[in-house]
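Student: Attaching a single structure in structure tokens format; questions to follow.
The values are calculated or read from the model by the stated rules, or taken from the named source; none is laboratory data. In this text, all values refer to a predicted model and were calculated from it rather than measured experimentally. Methodologically, a virtual Cβ is constructed for each residue, glycine included, from the backbone with ideal geometry; neighbour enumeration extends over all protein chains shown. The area values use the complete protein model at the heavy-atom level, side chains included, leaving out ligands, DNA and RNA. Shrake-Rupley method; radii C 1.70, N 1.55, O 1.52, S 1.80 Å.
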Amino acid sequence: PYVSGLFYLHEGPFAVAAVRSLAAMPQLLCFDAHGAAHPRSAGLATVCGMVLGIPSLGIAKSLLVGEESSGEGLGRIVRGRRTVGFVTTASGAKRYWSPGYSMTLASLRSVIRTQGSACLRAMIEADKAANQARSSFIESN
């Protein structure tokens, strides 16, 4: 069963298996989950990246810990006195970005600025494909 804060136990093994089945290993993994902006400071994005040995980041739709702090450019996710991620808004939708495995806040900021829209598009496409697969499975059973 799903336990709040332990998303990795529910989804992680499937994500790791999917990445391991790829013909070529990616240089960066983007997860629809949290990295450092997590109650345990290591969400699914962090754990999957660590298990695979591939740098990773989390892009979540909701804020689990900390508070939003606006600043120049990107908004920040602040937990205590520490920045644990960034906030972006596109088309009215907020996304909460946090570093996962082998990624610093500086490298996360760079990814957001240079490849952020590509990361978001890939997640949207993956979500659509998963929904289509789920619908096909339900219809056939």
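Student: Based on what the data block shows, is E72 out of contact with any Ser or Thr (no Cβ under 9 Å at 6 or more places or on another chain), at pLDDT below 90, farther than 21 Å from P26 by Cβ and charged (D, E, K, R)? Give the derivation first.
Tutor: On the way: out of contact with any Ser or Thr (no Cβ under 9 Å at 6 or more places or on another chain): yes; at pLDDT below 90: yes; farther than 21 Å from P26 by Cβ: yes; charged (D, E, K, R): yes.
Yes; evaluated as a whole, the condition is true for this residue.
Student: Moving to a separate point now. Where the second residue is open to solvent by 80 Å² or more (accessible area, probe 1.4 Å) and of a type in the set (S, T, Y) and the first is closer than 16 Å to A42 by Cβ and lies in segment 7-28, which pairs have Cβ atoms under 8 Å and are six or more apart or on separate chains?
Tutor: So the pair list comes out as H10/Y2.
Student: What about Q132, is it under 23 Å from T46 (Cβ atoms) and open to solvent by 90 Å² or more (accessible area, probe 1.4 Å)? Before you say what the answer is, go through the steps one by one.
Tutor: Details: under 23 Å from T46 (Cβ atoms): no; open to solvent by 90 Å² or more (accessible area, probe 1.4 Å): yes.
Judged against the criteria, Q132 is not a match.
Student: Right, something else. From G12, G53, grab the single residue that is of a type in the set (G, A, S), surrounded by 17 or more Cβ atoms within 10 Å (Cβ to Cβ) and more than 23 Å from T88 (Cβ to Cβ).
Tutor: Working: G53 fails: surrounded by 17 or more Cβ atoms within 10 Å (Cβ to Cβ).
Every option except G12 fails the conditions.
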